[in-house]
Amino acid sequence: MKKQIYLAALLLIVIVLLTTSCDSDDDAVNRNSPQTALVENHIQAGTWRITTMNDAGEDETAAFTGYNFSFITNGDLVAANGLITRTGRWSVINDSSSSVDDIELNILFNVSETDDFEDLNDDWDIVSSTETRIELVDTDSGAATSDRLVFERN
């Protein structure tokens, strides 16, 4: 009898946990919002160049001079300057876990820590996005300065 009560109590606990746990939408990333679609449409059209790259207060724009960036619809990211081609991944997400929409451009190049392209690897907050310019910022908690990245269409 004790065993049956124990199993019933255990079953009840499991049911309560399953029914009161977070929905799959809670704190979820919304990849299909109208805001993300608009940014994706902008960024996939044409090629882009970096006009500002400021990393922790240091201007590193020159490291990307001559590179054209192509944001391919399948999530591939290609940066080429005629001699060198770098490949990576990109995505736009709406991290709606807060009360304010937080549209982010995620960039990832598989490079070493010492490579200039490693500075682009981040989940950049989108400050503004137009058909010809995308301004991004990344602020690490506790950091004295923010990183800033600006792409302009060629």
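FYI, it's all coordinate maths here, none of it is from the lab. As the structure is a prediction and not an experimental result, all values here were calculated from the model. Here the Cβ is made from the backbone with ideal geometry for all residues, glycine too, and neighbour counts use every protein chain on show.
What to note about this one:
- Annotation: amide H of Glu60 within the under-5 Å range of Met53, Asn54, Asp55, sequence separation 5 or more or interchain, hydrogens built in the peptide plane.
- Applying the Karplus relation 6.51 cos²θ - 1.76 cosθ + 1.60 with θ = phi - 60° to the stretch 76-92 yields 3J(HN,Hα) values of 6, 10, 10, 10, 9, 10, x, 10, 10, 10, 10, 10, x, 10, 8, 7, 10 Hz, where x marks Gly and Pro.
- Paramagnetic reach from Thr61 in the stretch 112-145 [backbone N under 16 Å; point 7 Å along Cα→Cβ]: 133-137
- Check: the stretch 29-153 dipole with +1 on Lys, Arg Cβ and -1 on Asp, Glu Cβ, in debye: 660
- Per-bin percent of Cα-Cα distances, the stretch 41-154 [5 Å]: 2, 12, 21, 28, 21, 11, 4, 1, 0, 0
- Each of Ile72, Ile84, Ile43 was scored by other Cβ atoms within 10 Å of its Cβ. Arranged with the fewest first, they read Ile84, Ile72, Ile43.
- Rounded Å value of the spacing that divides the Cα centres of the stretch 40-71 and the stretch 106-139: 8
- Phi-derived couplings, Karplus 6.51 cos²θ - 1.76 cosθ + 1.60 at θ = phi - 60°, listed residue by residue for the stretch 145-154: 10, 9, 7, 9, 9, 10, 9, 10, 6, 6 Hz, with x used for Gly and Pro.
- The phi-based Karplus calculation (6.51 cos²θ - 1.76 cosθ + 1.60; θ = phi - 60°) puts the 3J(HN,Hα) values of the stretch 35-45 at 5, 5, 4, 5, 5, 4, 4, 4, 6, 7, 8 Hz, whole numbers, x for Gly and Pro.
- Using 0.36 nm per residue and subtracting the Cα-Cα separation, the extra length available between Leu38 and Glu113 on full extension is 23.8 nm.
- Label-to-label distance for Glu131 and Ala80 is 2.5 nm, based on points extended 7 Å past Cα in the beta-carbon direction.
- Neighbour counts of C-beta atoms inside 10 Å place Thr47, Thr85 in the sequence Thr85, Thr47, starting with the fewest.
- Fewest-first ordering of Val127, Val150 by other beta carbons within 10 Å of each residue's beta carbon gives Val127, Val150.
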